[in-house]
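None of the figures in this text is laboratory data; all of them are computed from the coordinates on show. Computed from a predicted structure; not experimentally measured. Please note: Cβ atoms are built from the backbone with ideal geometry, for glycine as well, and neighbour counts cover all protein chains shown.
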């Protein structure tokens, strides 16, 4: 999955770089074009590739993807909010024709119970709608670090909290088709998450990118490829950020930006496929 539903990140960058926010849709269109180019070149992308785009800035690109027969989904959350707020009301108003629905939530176990419970009720409402509509649900969980040692949080803290939240979701009947999970280079941490996801038959996980460099992504892939619950990746900024910002600052032509993104995305696909092949062999 090429994940490019970022909104507040673009707004923040535009404000800091002196670029009008009205130009953000141009970046979304270039990302769509890059995915389409990669799809034309790769059987793997044609068979397994998907595109995640927001309707706020990427509405035209979403429509173009649907017209081209590309599997595309959109985020339902209002970006950067806790507890969960819907981008639109009703929350499913923009899902017509989507291949999947995506929602991101943030979580810490010590946060106010009333807020986390309200968030869970919204997720259960969304889950029920998706089941009724036959729309796969992609649920992204971000566990916030709160003063913990970074290494300890990476290896055990975040995986333990995340596994606990996954099990709680299952107990309440929230069973998404896909979990979108932060990558980790800790084999023991990844095993904790894997075991929790596998407590229900069906759900898989996608590794998200966090804007990481290729070396770090390779470490995540090496760990994740051996897990029974892992289905692939959902990476965005590592693919599109540098070419799109260069384009918006008029340091790169559109064609060059598209070519750069398509090449990076195809390299990730090959990287993932190679790591998975090594494990399965």
Evaluated at 25 °C with a viscosity of 0.890 mPa s, what Stokes-Einstein diffusion coefficient in µm²/s does region 88-189 have when Rh comes from the Kirkwood expression over alpha-carbon pairs? 166 µm²/s
Using a Gaussian network model of the chain with C-alpha springs under 10 Å, which one of 132, 58, 183 is most mobile by mean-square fluctuation? 132
Given the rule -39500 (n - 2.57) for each run of at least 4 DSSP H residues, summed and divided by the residues of the chain, what is its mean residue ellipticity at 222 nm, to the nearest 500 deg cm²/dmol? -16500 deg cm²/dmol
Using per-residue counts of other Cβ atoms within 10 Å, averaged over each peptide, order 229-235, 172-178 from highest down. 229-235, 172-178
Share of antiparallel DSSP beta bridges in the chain, in percent to the nearest 5? 5 percent
Just grab the label-to-label distance for residue 46 and residue 68, each label 7 Å out from Cα along the Cβ direction, in nm (one decimal). 1.4 nm
Measuring from a point 7 Å past the Cα of residue 21 along Cα-to-C-beta, which residues in region 72-87 have an amide N at less than 16 Å? 78-81, 87
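Let's test the formula: R0 of 22 Å, r as the Cβ-Cβ distance of residue 117 and residue 88. What FRET efficiency results, to the nearest 0.05?
0.45
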Once R0 is set to 22 Å, what does the formula 1/(1 + (r/R0)^6) return for the Cβ-Cβ distance between residue 168 and residue 204, expressed as a FRET efficiency to the nearest 0.05? 0.70
Rounded to whole Å, give me the distance from the Cα center of region 185-262 to that of region 3-43. 16 Å
Which distance in nm do the two modelled labels at residue 156 and residue 222 give, with both placed 7 Å along the Cα-to-Cβ direction? 2.3 nm
Consider the candidate values (i) 133; (ii) 152; (iii) 281; state which one is volume of the Cα convex hull per residue in Å³ computed from the structure displayed. (i)
